[in-house]
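Each reported figure results from applying straightforward, stated rules to the coordinates on display, with no laboratory input. Source: prediction; values computed, not measured. Ideal geometry is used to build each Cβ from the backbone, glycine not excepted, and the neighbour counts take in all protein chains shown.
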Amino acid sequence: MDIRTAIKERKSVRKFLDKPVDKRTIEELLEVAKWAPSGANCQPWRVDVVMGKKKDEITRAILEAKEKGITEEPEMDYYPETWKNPYKERRFKCGLALYSAIGIKRGDVEARKEAWFRNYKFFDAPVGLFFSMPKCLGTGYLVDMGIFIQTVALAALDFGLSTCIQASLAEYPNTVKRILDIPDTFSLICGMSLGYEDKNAPINSFRTQRVSIEDFVNWHQ
Ligand SMILES: Cc1cc2nc3c(=O)[nH]c(=O)nc-3n(C[C@H](O)[C@H](O)[C@H](O)COP(=O)(O)O)c2cc1C
């Protein structure tokens, strides 16, 4: 797949086929993604790949915590306390398109919760990836993490695989780090579901839009 097509065709997939991805394919994918650039070539990323029982253990632990109303402090400050425009409006539109695709009405809090909780089940994907970075590096290295994560998402397409990058999978860093033996010298940045897209699933049928380049580019000469 050429790079232009990959960038435009990548989308977040939120329902995967019950079809395993073999370990060799994941290794090959990460062998490609590791060529992502990073400041001073520090390659700050740590990736934890979860499948099978370990993946189920994480799902169970997060859902149990949610049911008990237990929360943890995420290690990456991501969502603002108050949303301002244009971000507020864009977020609203994105949620509306997502929930409309699966026939959930605006006020249906229970159905929305159920749909959101599918995040913690990795949207039925056979593989989950967790991305962490060393705490000893500056926050600027979050840029490198983002570049690496997008590289994984793009390279996945070339293996016929789809992804969903998920901040939601980093809501319980202590739990995830304990289960996966990730040292506390690392911060959990986000997770990713990886697998084969269920092309018949309504949730995968919508595409998000983008603003025109005039809205974010400033020319100077
Ligand atoms: C850092 C990051 C965190 C995200 N977290 C979630 C998440 O927790 N759950 C989810 O369903 N989508 C999540 N997304 C997916 C975004 O909603 C999606 O990328 C955006 O709406 C654009 O749609 P597209 O990926 O289909 O192009 C996340 C994306 C990024 C880049």
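Inspect the range 22-41 for any residue being of a type outside the set (D, E, K, R), under 19 Å from the mean Cα position of the chain (by Cα) and in a loop (DSSP other than H, G, I, E, B) and give the result as yes or no. Scanning the range 22-41, I find at least one residue that is of a type outside the set (D, E, K, R), under 19 Å from the mean Cα position of the chain (by Cα) and in a loop (DSSP other than H, G, I, E, B), so the answer is yes.
The rows are residues; the columns are (1) within 19 Å of residue 160 (Cα to Cα); (2) loosely packed, with under 11 Cβ neighbours inside 10 Å; (3) away from the ligand (no atom under 12 Å from the Cβ).
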position	(1), (2), (3)
10	yes, no, no
23	yes, no, yes
41	no, yes, yes
77	no, yes, yes
93	no, no, no
111	no, no, yes
119	no, no, no
129	yes, no, yes
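Among the helices (runs of 4 or more DSSP H) confined to the range 93-186, the ones with at least 3 residues that are of a type outside the set (Ser, Thr, Tyr) and touching a Leu at 6+ places or on another chain (Cβ under 8 Å) are located at 141-158, 173-180.
Conditions tested, residue by residue: (1) farther than 28 Å from residue 40 by Cβ; (2) of a type in the set (Val, Ile, Thr); (3) loosely packed, with under 15 Cβ neighbours inside 10 Å.
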residue	(1), (2), (3)
145	no, no, no
160	yes, no, yes
178	yes, no, yes
187	no, no, no
193	yes, no, no
208	yes, yes, yes
211	yes, yes, yes
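A single member of 82, 59 is assigned to a loop (DSSP other than H, G, I, E, B) and either farther than 21 Å from residue 150 by Cα or touching a residue at least 12 places away in the same chain (Cβ under 8 Å) (or both), and it is 82.
Is there a residue in the range 166-176 that is touching a strand residue (DSSP E or B) at 6+ places or on another chain (Cβ under 9 Å), more than 14 Å from the ligand (Cβ to nearest atom) and closer than 20 Å to residue 30 by Cα? No, the range 166-176 contains no residue that is touching a strand residue (DSSP E or B) at 6+ places or on another chain (Cβ under 9 Å), more than 14 Å from the ligand (Cβ to nearest atom) and closer than 20 Å to residue 30 by Cα.
Evaluate the following for residue 124: is it among the acidic types (Asp, Glu) and in contact with a strand residue (DSSP E or B) (Cβ under 8 Å, 6 or more places away or on another chain)? Walk me through how you get there before you give the answer.
On the way: among the acidic types (Asp, Glu): yes; in contact with a strand residue (DSSP E or B) (Cβ under 8 Å, 6 or more places away or on another chain): yes.
Criteria met by residue 124.
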